[in-house]
Amino acid sequence: MWLWIHKFGSPKYFYNVSGKILPWVAGATALLIVIGLYLGLFASPADYQQRETVRIMYIHVPSAWNSMFIYLLMAASAAIGLIWNIKLADIVAAVSAPIGASFTFITLVTGSLWGKPMWGTWWEWDARLTSELILLFLYLGYIALQSAFEDRRLAARASAVLAIVGAVNVPIIYYSVQWWNTLHQPQSLGVGMSTIHPSMLWPLLIMALGFKLLYVVILLMRTRAEVLERERNNAWVQELAQALVGKSVIGSANEYR
Amino acid sequence: MTPRHRRRLVFVSLILLGVGAAAALTLNAFRGNMVFFYGPSQLATVEKAHERNLRLGGLVEQGSVKREDDGLTVHFMVTDNVKSVPVVYKGILPDLFREGQGVVAQGRLNNEGVFMADEVLAKHDENYMPPEVAEALKQAGGQTPQFSGTLMQGGLNK
Amino acid sequence: MNIAEFFHMDGYALYVWGAYGVTLVVLSLNVILARQQQRKALRAILRAAQRNRSLV
């Protein structure tokens, strides 16, 4: 088990494997999102009450799921980095924060654009909305803390504590609509239950999977770049660079300008 | 696992445990207070309800909506099927406002027990379906929809 | 459904297309910035490698 973690946690191994799978994941992501958009915007019906505004759901809900999922992954990764001192885990946590913040921002803005015509308000301080806003602040706090330290180890440690502590907010967001009276409606989907008609559930689930994979794509891209930057003085990166320079396809660094 | 790692694992677990406990306690304390709105029955139990700005939530009673001649002032009853509270509101209503729908009104209770709202928001339920399906469900007796296990049926062809 | 109706979104065009627009901008920015970072990192190590080579 430890061997496995250390093997997969080795930046070189990660760089090689991720380079091979990235094009495939990117292709699957594009395909899913195109299908999801087609179903969500064209092939699915309007809602019996919310009419055409229901189409906002196909981006709002997948973004909201991502905003919570990415936070948990970031906190778990930061904890692994903190305990076992695995550099790759620190990097995954650090690059996840801006991606998670983006999805949280999208959740809040699309929710607001949905709330105005349906509820009659851009914003209300109900438990669901407020806890999602706190999530955005947690992400921003984490990013600020990361950049506050010159020393990478110290930055990773300090921000890891914030990420772990902030993780309690995620179940609060999730259960807020059950625990309190909120303006936001209760859960539509759960284990073995759904109050969404299949013609609307399909585009939702396909978009959700597409958004999840999009996170994986951006995460892999950023992690690979971060790995190269941090490991640039290591032998394997220099060998890689020499091999690339040697190839006539790339020839000179100018191509990457 | 080296002793150093074990120490860190214990340290992180302790943080998690401490924060979890603190959060649980706070949530418990907040439970009664973090109320976005009161239902008509709850409203009666609120202390000094007449002196406070608060929110009233419930369903718009069937047949209770009356508009004044000015076209802006609306009278309706908010009900939780046990008690009803009369509401007066002057202004623009959200698109989803209609009889039988959920609403949250913000305002004050006057001495006659009428809720004077200065803002009315619509609260919708968690059901999403095409109009034809809603119509069919209504004719079948109006039970709450449950689409679990029907992902394959109905399909995508509307 | 014709094109005009589709863009009109039953009168909710501003909200629906606004939501999709913001999402498109933010997510595209994420991909573009990640790509830029990747290129920058590659460029840096390639330059270092070329320097080393010319030293040999």
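Nothing in this text is a laboratory measurement; each read-out follows from the coordinates by a stated rule. Here the structure is a predicted model, which means the values were calculated and not measured. Counting neighbours? That spans all protein chains shown, and the Cβs are built from the backbone with ideal geometry, glycine included.
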Cβ-based net charge around A:P11, under 9 Å, with every Lys or Arg adding one and every Asp or Glu removing one:
+2
Given charges at beta-carbon only (K, R positive; D, E negative), |dipole| of chain A in Debye:
560 debye
Please identify, among A:A158, A:A43, A:A241, the residue showing maximal mean-square fluctuation in a Gaussian network model of chain A using a 10 angstrom Cα cutoff.
A:A241
Once the other residues with Cβ under 12 Å from the Cβ of A:I91 are scored (Lys, Arg +1; Asp, Glu -1), what is the net sum?
+1
Ordered by fewest other Cβ atoms within 10 Å, a rough proxy for footprinting exposure, B:S13, C:S28 read C:S28, B:S13
Which net charge results for the neighbourhood of B:S64, defined as the other residues with beta-carbon distances under 12 angstrom from its beta-carbon, given Lys and Arg at +1 and Asp and Glu at -1?
+1
Per residue of B:11-21, other chain Cβ atoms within 10 Å number on average 3
Row for the range A:1-125, column shape: gyration tensor on C-alpha, a ≥ b ≥ c, rounded if a/c < 1.5 i.e. under 1.5, prolate if a/b over b/c, else oblate; value oblate
What's the average, rounded to a whole number, of partner chain beta-carbon atoms within 10 Å of each residue's beta-carbon in B:84-95?
2
In which sequence would B:H50, B:H75 go, from the one with the fewest C-beta neighbours within 10 Å to the one with the most?
B:H50, B:H75
Average partner coverage of A:208-221, which counts Cβ from other chains inside 10 Å:
2
Value in Å of the Kirkwood radius, where the protein assembly as shown supplies the Cα pairs that are averaged
25.4 Å
Two-site label geometry, B:Q62 and B:N81: point separation in nm, points 7 Å out along Cα→Cβ
1.2 nm
Hey, which of these cross-link pairs are over 21 Å Cα-Cα: A:K12/C:K40; B:K48/B:K123; B:K90/B:K123; A:K87/A:K212; A:K12/A:K87; B:K48/B:K83?
B:K48/B:K123; A:K87/A:K212
Per DSSP helix of 4 or more residues, -39500 (n - 2.57); summed, then divided by the residues of chain C. What does that give at 222 nm, rounded to the nearest 500?
-31000 deg cm²/dmol
Computed Rg/Rh of chain A, alpha carbon atoms with Kirkwood Rh
1.03
Table column - 3J(HN,Hα) (Hz), the range A:25-37, Karplus curve with 6.51, -1.76, 1.60, x for Gly and Pro:
5, 4, x, 4, 4, 4, 4, 4, 5, 5, 4, x, 5
At R0 = 25 Å, FRET efficiency that the Cβ-Cβ distance of B:K48 and B:D118 yields, to 0.05
0.85
Most to least packed among A:134-146, A:75-87 [average Cβ atoms within 10 Å]
A:75-87, A:134-146
